[in-house]
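Here's the structure, in structure tokens; my notes come after.
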Amino acid sequence: MSVAISLLANHRKATVNVTDTKVTFGDFAADNIAPKDFPLFKKCSVLVAGNDIEHVKPIMDRATAIVGKNPSVSDVAEAINVAIGERLHAEITRKVLHKHGFDVNSFRDEGKRKCPPSAYLGLFNRVDQVSLSLKFIVSGFDSGGSSHSAQGHIYAADGQGVPVCYDPVGMWAVGKGAHAALSYLAFLIQRHGSPSREEGTELALFFALGAKFMAESCGEVGSQTTFAYINEYGRPPHYISYEAIEIIKAMWTLEAAPRIPEHLPEKISGFLKEFPAPSSDKELMAKLPSNQKRLRAH
């Protein structure tokens with residue numbers, strides 16, 4: 001299902017977007033095969049994660065037709081939500097209901113009356129099993145205004161609920177690797193602050209790429225190719241070259257990836273000794289070697 005990541009940067013004057021290019025087809029998968037970003041209206045980008053890649057273009061075409069000219073980021077997210085729902089209804093009709101003389105609306109309104117109870121329940125269960133695995137991130141800027149007043153936004157849409165705004169946290173990820181990516185980003189932001197409040201886009205780019213590299217531990221996230229670009233209001237997207245991404249990945253692997261401390265056995269071996277259960281933290285401290293007292297105190 002892969003991963004798509006978006007961060008706000010440079011006081012919310014820029015967005016940093018990262019995806020892989022891997023697609024899974026049931027029992028097999030291919031990396032470096034499918035782009036998963038769709039720039040819209042020079043102010044908005046749509047990222048997608050999911051295996052039902054054949055539905056992405058029809059959904060995007062329909063969403064573009066819905067929003068018309070000069071939409072806001074929330075307008076685009078809502079249009080994608082509507083387009084997902086329409087596409088899902090079409091898929092349900094084609095796969096399940098058409099041969100029985102129904103579409104989604106007529107089955108909802110007349111199915112119970114026209115079908116025997118067991119047949120209606122069987123069709124209802126089959127309808128409920130049809131789904132689209134696609135999840136979308138919409139990132140971009142307010143419609144209208146100047147580059148000075150423009151503010152970046154991040155929304156997520158999957159057709160299952162209303163679009164959700166992630167401006168307060170300044171980041172989001174979707175796809176199979178989203179949990180690993182978001183955990184990593186949350187840790188970095190807690191330790192170093194949000195890139196949305198920092199000058200420039202370098203920190204946000206490093207955070208977003210690191211999150212993608214962490215997500216590669218998931219088998220469905222592609223590791224061979226990373227696609228990254230930066231959007232700033234009123235400017236064309238700035239794409240990061242594959243060569244630059246490989247250099248950053250090497251830097252991240254050597255200096256920033258989770259690592260094991262040197263001399264680890266000596267530092268923690270004392271914790272593996274068996275002690276009687278202490279009645280208080282003070283009693284536990286008294287039983288620890290001096291080097292471990294210092295570690296615990298910190």
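Counted by Cβ distance under 10 Å from residue 133, the other residues give a net charge of 0, where Lys and Arg count +1 and Asp and Glu count -1. Extension gain, residue 162 to residue 252: 0.36 nm times the residue separation minus the Cα-Cα distance gives 28.8 nm. Averaging 1/r over every pair of different alpha carbons in segment 165-215 and inverting the result gives a Kirkwood radius of 11.0 Å.
Note on residue 94 and residue 259: the extension gain reaches 54.3 nm, defined as 0.36 nm multiplied by sequence separation minus the Cα-Cα distance. The modelled label-to-label distance for the pair residue 267/residue 183, using points 7 Å beyond Cα in the direction of Cβ, is 2.0 nm.
With a sphere of radius 14 Å drawn around the Cβ of residue 249, what net charge do the other residues whose Cβ falls strictly inside it have (Lys, Arg +1; Asp, Glu -1)?
Working: positive: 212; negative: 20, 216, 243, 246, 255.
For residues surrounding residue 249, the net value is -4.
Give me the Kirkwood hydrodynamic radius of segment 136-207 in Å, from all C-alpha pairs, to one decimal place? Over segment 136-207, the inverse of the mean reciprocal pair distance is 13.6 Å. Expressed as a whole percent, the accessible area of segment 101-179 that falls on carbon and sulfur atoms is 54 (1.4 Å probe).
The values are calculated or read from the model by the stated rules, or taken from the named source; none is laboratory data. All of these numbers come straight from a predicted model, not from anything done at the bench. Using ideal geometry, Cβ is built from the backbone for each residue, glycine included, and neighbour counts are taken over all protein chains shown. Quick note on the areas: whole protein, heavy atoms, side chains included, nothing else; ligands and nucleic acids left out. Shrake-Rupley method; radii C 1.70, N 1.55, O 1.52, S 1.80 Å.
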